[in-house]
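The values are calculated or read from the model by the stated rules, or taken from the named source; none is laboratory data. None of these values were measured; they are calculated from a predicted model. All Cβ positions, even for glycine, are placed from backbone atoms using ideal geometry, and neighbour counts span all protein chains on display.
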Amino acid sequence: MKILFVGPQGCGKGTQAKVIAEKFNIAHISTGDLLRNATGELKKEVDTYMLTGKLVPDELMLRVLKERISQHDCNKGFILDGYPRNITQAHELDKITRIDKVIEIEISDQESVRRLGGRLSCKNCGAVFNENTHTPKRDMQCDNCDAMLIKRADDTKEAILKRLDIYHSETEPILKHYHSVKINGEQPIDQVTKDIIQALK
Ligand SMILES: [Zn+2]
């Protein structure tokens, strides 16, 4: 089974993709991991972009993806999480594989802002908390290592809304292209998982 997980930032698709991939014994391919784990000649090419902070071009991304889905652990299928991000990429993806199911995990803009805007991270140990959903025991202090917690600069309301705009205008059109199934991402995590499993049956 070849599945796409689509949804705005903060919808929990990474978490869900991991759980579902384990349950169905298929590979979980997130875009970030994909680029980090490229090997051989492809890795050299990817690194020339990554190391200078430039965006990896679609054409290279697609070659990396093609190589990745040809690996043994993708024999039974895979979940793609974070790709494609626009309709052009979806058309390109269609040329290298056939997608069976597309799951949209929907949360409102308001909820996305609430979840991402409250994010607090520990610079020392990397732990992540949230002012709204997962508060640290002491104000702005890490539960694990006592270091000060910080808000990331790209988690301001303005930056989040800008990313949501891009999601609505560029990523959402791929949902129509594939006839996706919509899941309510504002439910408890376990219920979201159950709904996804139901949709995949
Ligand atoms: Zn810490």
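Some observations on this one:
- Residues that are at pLDDT 95 or above and in a helix (DSSP H, G or I) within segment 8-17 comprise GLN16, ALA17, listed in sequence order.
- Any chance GLY185 is farther than 19 Å from TYR83 by Cα, of a type in the set (Gly, Ala, Ser), more than 16 Å from the ligand (Cβ to nearest atom) and surrounded by 15 or more Cβ atoms within 10 Å (Cβ to Cβ): no
- Of the residues ILE87, ILE99, ILE105, the single one that is surrounded by fewer than 20 Cβ atoms within 10 Å (Cβ to Cβ) and touching a strand residue (DSSP E or B) at 6+ places or on another chain (Cβ under 7 Å) is ILE99.
- If you go through segment 168-201 and keep only what is of a type in the set (Val, Ile, Thr) and modelled with pLDDT under 95, you end up with just ILE189.
- Residue match in segment 36-46 (condition: buried (at least 18 other Cβ atoms within 10 Å of the Cβ) and in contact with a strand residue (DSSP E or B) (Cβ under 6 Å, 6 or more places away or on another chain)): no
- With respect to (1) in contact with an Asp or Glu (Cβ under 8 Å, 6 or more places away or on another chain); (2) exposed (fewer than 11 other Cβ atoms within 10 Å of the Cβ), the lone exception for ALA127 is condition (2).
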